[in-house]
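S.K.: Just passing along the structure, written as structure tokens.
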Amino acid sequence: MENTTTLLAPKQTLVWDNTSSNSSSIFFYQTEQVSFLIVLFTLIITGNCTVLTILFLSGKIRSRMNLFMANLACADLMVGIFLVLTDVISKITITWETPDPGCKIVKFLQAFSTYASAFSLVALSIDRLSVVIRPLNRAGNGKSWTLIALAWIFAALFAFPMLLLFFVKEEQNMKFCKIEFSKQWMWQVYMSLNAAAVFIIPAVIVAFCYIVIVAVLWRKANFAMGNDTCSNGCSPQHIINKDGHTVPQQKEKKVRWNSSSRGVIPKAKIKTIKMTFVIVLAFIFCWSPYFVFDLLFVYKQIPDPNSQHIIAINIFIQSLAPLNSAANPFIFLLFNFNTVKSACGRHNRHLYSPPTTQSHL
């Protein structure tokens, strides 16, 4: 059986690339691809370095949420360096310049960074669920570090097969770092496992976390409303809030939703849950086209897969996956504008504060 590929052109995939027998597709939209990836690389590096800088300058790096955001930023930085940058180099050089060990290591690091980013998001979602279920738990960051460590350990384990599967092969007077299977069903199993590990299983876990989060918040909000007593002759439609004012029941629900009294989730934690939810949506939006298209291709559900039109669509879809690592820092900055201002203020005070003198008299 002739060599089959999970993707339509060599060097177009961002995680598990392969080589096509159609050499003309190698240079298809090469300039556009390289230009887009350079811009994407710049956004990933700039955005995530900005997030890490702000977290350190704010002095709040040890908080649970910021610890997970710093971890996610580090994973996204690895995506930019080991995934996007190496893809830029491969699209410029076309042929693979390093021997087998270099090929294996690069592919391992590409997969490792991708898994680390996805699993870090899972760890963050599990932590947000824990915050909602036990809002008064003020334990240290031991559990947070455990979740972070597990995310990186599983990323390394899932990426390990790349060290065994990829190799350097010469074709048409060029060398490629590639993977080969002799049967079509092997490709189907391979891509299905990749889709499950990187996207489907993390998405299911994250979805479960947020379904439980919404259910718990809804129940606690209703519980807070139900516990309020009606005094001073107020009607059942009106209740007394924590400040002693009589307000309509519908408005009190909003007050209680963001209140930290009676065990209801504090407003700051609600904001972090909303931010994480937006990050999750970005993850699903960026990765779902990638895996849906590749699975349709490997299961032969795409007509005329070698046409230039399909190849152009594939190039665009492949570019969406690392876009997630560029979107995460901007989502963080959008939801943490006050933290950004505070960090900048602390930095400016440190730069322009006059030197102090000490008297020993």
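S.K.: Report, by residue number, each residue of the range 19-43 that is over 25 Å from residue 326 (Cβ atoms) and either touching a Pro at 6+ places or on another chain (Cβ under 7 Å) or at pLDDT 75 or above (or both).
M.R.: 19, 20, 26
S.K.: Sticking with this structure for a sec: Kindly evaluate residue 154 against the criterion of being open to solvent by less than 40 Å² (accessible area, probe 1.4 Å) and either in contact (Cβ under 8 Å) with a residue 12 or more places away in the chain or not polar (S, T, N, Q) (or both).
M.R.: Against the criterion (open to solvent by less than 40 Å² (accessible area, probe 1.4 Å) and either in contact (Cβ under 8 Å) with a residue 12 or more places away in the chain or not polar (S, T, N, Q) (or both)), residue 154 does not qualify.
S.K.: Shifting gears a bit: Given the conditions (1) under 25 Å from the mean Cα position of the chain (by Cα); (2) modelled with pLDDT under 85; (3) part of a helix (DSSP H, G or I), and given that residue 140 satisfies all but one, which numbered condition is not satisfied?
M.R.: Going through the list (1) under 25 Å from the mean Cα position of the chain (by Cα); (2) modelled with pLDDT under 85; (3) part of a helix (DSSP H, G or I), residue 140 breaks only (3).
S.K.: Any residue at all in the range 95-111 that is among the aromatic types (Phe, Trp, Tyr) and at pLDDT 95 or above?
M.R.: Within the range 95-111, one or more residues are among the aromatic types (Phe, Trp, Tyr) and at pLDDT 95 or above.
S.K.: Continuing with the same structure: Given (1) modelled with pLDDT under 95; (2) over 13 Å from the mean Cα position of the chain (by Cα); (3) not aliphatic (A, V, I, L, M), identify the lone condition not met by residue 46.
M.R.: The single condition residue 46 does not satisfy is (1).
S.K.: Test each condition in (1) among the aliphatic types (A, V, I, L, M); (2) at pLDDT 90 or above; (3) surrounded by 12 or more Cβ atoms within 10 Å (Cβ to Cβ) for residue 164 and report the one that comes out false.
M.R.: Result: residue 164 fails condition (3) only.
S.K.: Which residue is most open to solvent (accessible area, probe 1.4 Å), if the candidates are limited to the range 57-94 and must be basic (Lys, Arg) and outside any helix (DSSP H, G or I)?
M.R.: 62
S.K.: Restricting attention to the range 95-110, which residues are in a helix (DSSP H, G or I) and not hydrophobic (A, V, I, L, M, F, W, C)?
M.R.: Correct list: 100, 101, 102, 104, 107, 110.
The values are calculated or read from the model by the stated rules, or taken from the named source; none is laboratory data. Quantities reported herein were computed from a predicted structural model and do not represent experimental measurements. Please note: Cβ atoms are built from the backbone with ideal geometry, for glycine as well, and neighbour counts cover all protein chains shown. Each accessible area value is taken on the protein alone, full model and side chains, heavy atoms only, with ligands, DNA and RNA left out. Shrake-Rupley method; radii C 1.70, N 1.55, O 1.52, S 1.80 Å.
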